[in-house]
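Down below is the structure, laid out as structure tokens.
What follows is calculated from the coordinates using simple rules that are stated; it is not laboratory data. Bear in mind the structure is a predicted one, so any value in this text is a computation, not a measurement. Every residue, glycine as well, gets a Cβ built from its backbone with ideal geometry; the counts of neighbours run over all protein chains shown.
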Amino acid sequence: MKVSRKTDSAGGIPGKPVKAKLIFLFDVDNTLLDNDRVITDMRAYLQGKVGPTRAKHYWDIFERLRSKLGYADYLGALQRYRIEHPHDLHLLTISHFLVNYPFANRLYPNSLDALEHVGQWGPPVILTDGDVVFQPRKVDSSGLAEAVKDRVLIYMHKEMELADVRKRFPADHYVLVDDKLRILAAVKASWKSRVTTVFVEQGHYALDPGVLKKYPAADLSIKRIGDLCGIDLPRFLAPGKKKPSGG
């Protein structure tokens, strides 16, 4: 299947609208795809291509921007670097890295199996944050867009766009799968019993002790995305009755 590169007003890849009793919403970075590994590869690439000084400057801008925006904006950091150094074209090599990066190789084991597993009960939908260029590229080239039949939503702050999510994908109940307790807690506070939250304990956000203390526990917790394949439908709909297996 050829996936359209055209994005809709939500910044996603336009797929066919779905009305269902149950919909599964999946984050991408460090939930289905090992984004920490992508960052590690990117750091090594920049170090080799542009040297430590330019690379450090880019990452300093990147981290400041991520703290301000709340999501990783590779393109925005690159543009800011260019504004500060209009005659330094070395960092433009980062665009080539991201466009050609083999994102499909960074999918967590059994992530596609997890999407297929829940698909027997309700359609899986990608719900993620990011910029409007590289995040769609990541979702597309990794094979995730095809796996969810192009049902992709990309926002700047997805927890603030829940009304739009419900409008595009109305359902009686939702299951949200994410590695960030902050996001899970925010959605739970808004949707309450309408959503079951699933915390995937992968990546640096999920393993941060400060984050674990700051936010309430999700309805379900799993050690890795592949563990989702061991959860049956009743535990998604009534998560408090039984502890999930996995890990």
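Round to the nearest 10 and give me the degree value, 0 to 90, for the angle of helix 181-191's Cα axis relative to the longest principal axis of the chain.
Here the helix axis deviates by roughly 50 degrees.
How much of the calculated P(r) for the stretch 36-100 lies past 13 Å, in percent of all Cα pairs? Present the calculation step by step, with values, prior to reporting the outcome.
On the way: 1266 of 2080 pairs.
Distances greater than 13 Å cover 61 percent of the Cα pairs.
Let me understand the stretch 65-209 better: what is its radius of gyration from the alpha carbons, and its Dmax, in angstrom?
For the stretch 65-209, the Cα radius of gyration and maximum Cα-Cα distance read 16.9, 54 Å.
If I take every Cα pair under 8 Å that is 6 or more residues apart in the stretch 36-100, average their sequence separation and divide by the length, what percent do I get for the relative contact order?
32 percent
Mind ordering 117-127, 42-52 by average Cβ neighbours within 10 Å, highest first? List each step's numbers first, then the result.
Values: 117-127: 20.3, 42-52: 14.4.
Result, highest mean Cβ count within 10 Å first: 117-127, 42-52.
If the viscosity is 1.306 mPa s and the temperature 10 °C, what translational diffusion coefficient in µm²/s does Stokes-Einstein give for the chain when Rh comes from Kirkwood over Cα pairs?
Numbers: Rh = 18.7 Å.
So the translational diffusion coefficient is about 85 µm²/s.
In whole Hz, what ³J(HN,Hα) sequence does the stretch 209-224 give by Karplus (6.51, -1.76, 1.60; θ = phi - 60°), x for Gly and Pro?
Here the 3J(HN,Hα) series is x, x, 5, 4, 7, 7, 10, x, 5, 6, 5, 9, 10, 9, 6, 8 Hz.
Do the sum for the chain: with -39,500 (n - 2.57) for every DSSP H run of n ≥ 4, divided by all residues, what is the mean residue ellipticity at 222 nm, to the nearest 500 deg cm²/dmol? Walk me through the intermediate numbers first.
Values: 12 runs with 106 residues, N = 247.
-12000 deg cm²/dmol, from helical runs alone.
Report the Cα centroid-to-centroid distance between the stretch 63-78 and the stretch 106-151 in angstrom, as an integer.
So the two Cα centres are separated by 22 Å.
Would you kindly derive the ³J(HN,Hα) couplings of the stretch 61-72 from the backbone phi angles with the Karplus curve 6.51 cos²θ - 1.76 cosθ + 1.60 (θ = phi - 60°), listing them in order in whole Hz, with x for Gly and Pro?
With the stated coefficients, the stretch 61-72 comes to 5, 4, 5, 4, 5, 5, 5, 6, 8, x, 8, 7 Hz.
For a label point 7 Å from the Cα of I39 along Cα→C-beta, name the residues of the stretch 189-214 whose backbone N is under 19 Å from it.
Only 200-214 pass the distance filter.
Under the Karplus relation 6.51 cos²θ - 1.76 cosθ + 1.60, θ = phi - 60°, what is the ordered set of whole-Hz ³J(HN,Hα) values for the stretch 142-153, x standing for Gly and Pro?
6, x, 5, 4, 5, 5, 9, 6, 6, 7, 10, 10
Taking a 31 Å limit on the Cα-Cα distance, which of the listed pairs K167/K213; K68/K223; K56/K188; K56/K180; K68/K167 fall beyond it?
Details: K167/K213 33 Å; K68/K223 29 Å; K56/K188 38 Å; K56/K180 26 Å; K68/K167 28 Å.
Over 31 Å apart, Cα to Cα: K167/K213; K56/K188.
Enumerate the amide H contacts of D179 below 5 Å, restricted to partners 5 or more residues apart or on another chain; note that Pro and chain-start residues carry no placed amide H.
For D179, the qualifying residues are V200.
Can you give me the long-range amide H partners of V125? Hydrogens built in the peptide plane at 1.01 Å from N, cutoff under 5 Å, separation of 5 or more residues or another chain.
F24, L25, F26
Suppose a student asked you for the relative contact order of the chain, using Cα pairs under 8 Å spaced at least 6 residues apart; what percent would you report?
On the way: 408 pairs, mean separation 64.7, N = 247.
Reported as a whole number, the value is 26 percent.
With a cut-off of 8 Å between alpha carbons and a minimum separation of six or more residues, what is the relative contact order of the stretch 22-130 in percent? Write down the numbers at each step before the final one.
Working: 90 pairs, mean separation 55.6, N = 109.
Normalised by residue count, the contact order of the stretch 22-130 is 51 percent.
Taking the stretch 158-219, which chymotrypsin sites (Phe, Trp or Tyr not before Pro) meet the DSSP loop condition and have no more than 16 other C-beta atoms within 10 Å?
Loop-located and lightly packed - none at all.
Where in the stretch 182-228 are there trypsin sites (Lys or Arg not before Pro) that are in a DSSP coil and have at most 11 other Cβ atoms within 10 angstrom of their Cβ?
On the way: sites: R182, K188, K192, R194, K213, K214, K223, R224; in loops: K223, R224.
Sites meeting the loop and neighbour criteria: none at all.
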